[in-house]
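Structure first, then comments.
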Amino acid sequence: CVLCGRTDDCPEKYGEKRTYVEFNLTVHYYCLLMSSGIWQRGEEGEGVDGFLIKDIRKEVNRAAKLKCNICKKKGASIGCVAPKCKRSYHFPCGIQKECIFQFMEDFRSYCWEHKPVQKFPDKECRGTSQCTICLDLVEQLPMYTVLKSPCCKNAWFHRECLQYQALSAGIFFFRCTVCNNKDKFQKEMLRMGIHIPEKDASWELEENAYQDLLQCYQHCDIKRCLCKKGRDYNEPDSKWEIKRCQCCGSRGTHLACSSMKSWEQNWECMECRSIFAKSGNYSKKKKRSLATSENMDGTTCLLEEPSPKCPRQSPGSQRNFLLQSPKIMCQNNLSPCSHLELPASNRMTMSLSPLTSNKNWSLRKKHLRKQRIEVSNILKELKLQVNTKTTRLNINSENIWNSALKGFRQRNFSPTNTIEIKFTNCKTRSKIDTFAASKHRFFELLMLHLQNSSLFEGSSAKNLSLDFQALKENLYFEAGKMIAVSLVHGGQSPGFFSKTLFNCLVYGPENVKPALEDVADVDVAQTIKMVKYADSLSSLQSTMNNCYEFLAAAGCLRPITALSDKNMLVNDILIHHVIKRIMLPLESFRQGLKTLGVLEKMQMHPDAFSSILCHKPERLSAETICDLFTIHSSSDVDKVEGADFWMGYLQDVESGESVVTLEDILVFATGSLSIPPIGFDPEPTIKFLHIRYPIGNRLLNCLELPITKTYDQFKNKMEFTIRNTLRVERE
């Protein structure tokens, strides 16, 4: 190594040793990182990871004049950062002398006298404990070779064990082995000189590491299987398709063997049913009961009854919600309505009524809303990575993609920095505009551009397309990165992913079964339909002859001996066109989504993230706006009934009795057209003040409303101010 002079090749201790024959240069990566007189002035792929060759040679010449305080040889390129400390040393010598090297921020190093130490109460520093990584004994003493977890009282580690764990787990998976804390634990370990590389975990990078786990159970376990071709026969999209237990996944049944008419029906094996029955949780789980009936031929059928009906709402319940808004109620502790218990004979009739359909839709909306609350909490957890260091992006709203791409690729851009947006094509800036409002607008425009870009195909629910130029320019990675950054930094979600694309990202493409709706190419879709709806063997063979070249190019040619073979052929075409064809864009897109740990959270909470990535934001309603804003009550408000005026105004806007919309109100107060998945920071509030006209304070997401004597005065002032403010901004 040109910096330390050693030939040792130990990546765990000194980093990777790299040799560049064309420059006659060999260097340890850590020696280069920690050298005091060199900075990364090049691009990522330039020189040695951004360190220019000429800068490295300058650093070698500088270090050649400095003597190491440990080995007394020349070439000491690292100096202690403590004030007035003149010690210099080689990196390996510093390790040997128990110096501390901090692999973060300015890459500081501390000599053996000035190094940071962990402080513990005297009562904690006694006896021995077990290292929670290697399980060997470790002395509970504040020494270099021993480290204590900052988040767990009795968690002690060998420094060497922690360093190996960090190198293997990487920044996304390195955390306390006892309590799973990530942020506090990583911060302390970086301070104490543990190197946490910015890479994915080693087990995530190993090809086919989990291949054995991807084999699906394909066997019918019903007492008497009706399939003449055996219990292992599985024909997709037919009554002989095998359905796995929704609880354990280790038992299966043909749809026909359990009298199921559709794949969508749920099915549990007898073992899981008996466990639920014994624990008493089965009826509580979804208020469903399972009837066991015997067919005429003696086969056992397990049928699920429909889900219970929701309680009937009073006709005026939708209009009266504002009178009991949870954010301004004090003592109205209303108990939830109990479920109506309907006799089994009524259930089928009720399921056909429009009322039940509306109730089911209401339940789905409620479930979606619950998932969005969950994803909001997850994104807030991810946002803890964002620091106060600011990166400003200069954006041209008329060329949103190119200016965003330039900003994301600039050298000083980091996803963990706070992002500020400045629109360069706006001559003047509104007095009430803020960086937060500009950021909302930027991410809204960016997600809209991505939806309509050549990177995706489809009508409303979109899949990735195959664009070779975009692949060459690494645009799929940038798109994934932009979506991840938007979610964590308080921007909008795309909301246009198809279920197939989402499942490919979360579960892996090998576990996804595409549908005809995923095919955007009209000609390919027509070919698949001709194969799928062929009504005779001769017409199927004729169709195959007509599209021989297409099938050959797709690798889907197969011998056809029976009409039922068309199902396998259709499946082959779908998998090739929707999944195999776009494997490279998909992998690049996945890598982009790993930014800030978003993909990892998607895989841990698929249902929650599906609600924002596959669905557009819920349309604003008076109820949503009312719940969003917290009213800061005062005695004055109670006197003038300002809160009642506000609620009544929302009802008028929702019913169309106003010149402004609910979206206009939200933009006026926050600068955003819709509620971002992470929510607003700070949370929107309302203050009633003695002012002439309403004020939208976008910096605080605060709506300051005037106190008026009559509702008409309040409404007129609201409409005049909001309409004119937004009109001026648009102009």
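Would you call Phe497 more than 27 Å from Gly679 (Cα to Cα) and assigned by the TED database to the domain that holds Leu586?
Considered against the rule, which asks whether it is more than 27 Å from Gly679 (Cα to Cα) and assigned by the TED database to the domain that holds Leu586, Phe497 comes out as no.
Among the residues of the range 1-43, the ones that are aromatic (Phe, Trp, Tyr) and within 17 Å of Phe107 (Cα to Cα) come to 4 in all. Of all residues in the range 382-404 being closer than 24 Å to Phe477 by Cβ, out of contact with any Phe, Trp or Tyr (no Cβ under 9 Å at 6 or more places or on another chain) and part of a helix (DSSP H, G or I), which is most open to solvent (accessible area, probe 1.4 Å)? Once the filter is applied, the top-ranked residue is Asn402. Gln163 - would you say it is among the polar types (S, T, N, Q) and either crowded, with 17+ Cβ neighbours inside 10 Å or part of a loop (DSSP other than H, G, I, E, B) (or both)? So Gln163 passes the test.
Would you mind stating whether Glu105 is open to solvent by 80 Å² or more (accessible area, probe 1.4 Å) and either in contact (Cβ under 8 Å) with a residue 60 or more places away in the chain or at positive phi (or both)?
yes
Does the range 194-202 contain at least one residue that is part of a helix (DSSP H, G or I) and modelled with pLDDT under 90? Checked against the condition, which is being part of a helix (DSSP H, G or I) and modelled with pLDDT under 90, the range 194-202 yields at least one hit. What number of residues within the range 174-187 are outside any loop (DSSP other than H, G, I, E, B) and crowded, with 18+ Cβ neighbours inside 10 Å? Result for the range 174-187: 2. Yes or no: the range 436-452 includes at least one residue that is open to solvent by 60 Å² or more (accessible area, probe 1.4 Å), modelled with pLDDT under 95 and assigned to a loop (DSSP other than H, G, I, E, B). Looking for residues that are open to solvent by 60 Å² or more (accessible area, probe 1.4 Å), modelled with pLDDT under 95 and assigned to a loop (DSSP other than H, G, I, E, B), one finds at least one in the range 436-452, hence yes. Six or more apart or on different chains, Cβ under 6 Å: which pairs go from a residue in the range 448-461 that's under 19 Å from Ser397 (Cα atoms) and of a type outside the set (Lys, Arg) to one that's open to solvent by less than 50 Å² (accessible area, probe 1.4 Å) and in a helix (DSSP H, G or I)? Could you list them? Short answer, once both residue conditions are applied: His449/Ile400; His449/Trp401; Leu450/Ala479. Scanning the range 568-588 for residues that are in contact with an Asp or Glu (Cβ under 7 Å, 6 or more places away or on another chain), open to solvent by 30 Å² or more (accessible area, probe 1.4 Å), assigned by the TED database to the domain that holds Val522 and closer than 16 Å to Thr527 by Cα turns up nothing.
Evaluated against (1) modelled with pLDDT under 90; (2) open to solvent by less than 20 Å² (accessible area, probe 1.4 Å); (3) within 20 Å of Tyr110 (Cβ to Cβ), Ser77 falls short on exactly one condition, (1).
Scan (1) in contact with a strand residue (DSSP E or B) (Cβ under 6 Å, 6 or more places away or on another chain); (2) more than 27 Å from Ile171 (Cβ to Cβ); (3) free of Cβ contacts under 8 Å to residues at least 40 places away in the same chain; (4) of a type in the set (A, V, I, L, M, F, W, C) for the single condition Cys1 breaks and write down its number. For Cys1, the exception is condition (2). Being open to solvent by less than 40 Å² (accessible area, probe 1.4 Å), closer than 30 Å to Met482 by Cβ, out of contact with any Ser or Thr (no Cβ under 9 Å at 6 or more places or on another chain) and assigned to a helix (DSSP H, G or I): is that true of Leu596 here? So Leu596 does not fit the description; no. May I ask you to verify whether Thr527 is within 20 Å of Cys614 (Cα to Cα) and crowded, with 19+ Cβ neighbours inside 10 Å? Taking the combined requirement at face value, the residue does not satisfy it.
Highlighted here are the strands (runs of 3 or more DSSP E) found entirely within the range 624-731 that include at least 1 residues which are in contact with a helix residue (DSSP H, G or I) (Cβ under 6 Å, 6 or more places away or on another chain), among the aromatic types (Phe, Trp, Tyr) and surrounded by 21 or more Cβ atoms within 10 Å (Cβ to Cβ): 685-689. Quick check on the range 196-212. Is at least one of its residues crowded, with 18+ Cβ neighbours inside 10 Å and on the phi < 0 side of the Ramachandran plot? Yes.
So, in the range 142-153, of the ones that are aliphatic (A, V, I, L, M) and surrounded by 16 or more Cβ atoms within 10 Å (Cβ to Cβ), which residue ends up nearest to Lys182 (Cα to Cα)? Only one residue tops the list, namely Leu147. Would a scan of the range 506-520 turn up a residue that is surrounded by fewer than 21 Cβ atoms within 10 Å (Cβ to Cβ), farther than 21 Å from Ala608 by Cα, of a type in the set (Asp, Glu) and in contact (Cβ under 8 Å) with a residue 60 or more places away in the chain? Yes: the range 506-520 contains one or more residues that are surrounded by fewer than 21 Cβ atoms within 10 Å (Cβ to Cβ), farther than 21 Å from Ala608 by Cα, of a type in the set (Asp, Glu) and in contact (Cβ under 8 Å) with a residue 60 or more places away in the chain.
The conditions of being among the basic types (Lys, Arg) and free of Cβ contacts under 8 Å to residues at least 12 places away in the same chain are not met by Lys243.
Got a sec? Which of Gln130, Gln102, Gln96, Gln118 is farther than 30 Å from Asn181 by Cβ and polar (S, T, N, Q)? Steps first, please.
On the way: Gln130 fails: farther than 30 Å from Asn181 by Cβ; Gln102 fails: farther than 30 Å from Asn181 by Cβ; Gln118 fails: farther than 30 Å from Asn181 by Cβ.
Criteria check complete, one pass: Gln96.
Taken together, the criteria place Val531 among residues that are outside the structural domain of Ser672 (by the TED database), farther than 30 Å from Phe443 by Cβ, in a helix (DSSP H, G or I) and of a type in the set (A, V, I, L, M).
The values are calculated or read from the model by the stated rules, or taken from the named source; none is laboratory data. Keep in mind it's a predicted model, so treat the numbers as computed, not measured. Heads up, the Cβs are rebuilt from the backbone with ideal geometry, glycines too, and the neighbour counts pull from every protein chain shown. Areas reflect the complete protein model, heavy atoms only, side chains present, ligands, DNA and RNA absent. Shrake-Rupley method; radii C 1.70, N 1.55, O 1.52, S 1.80 Å.
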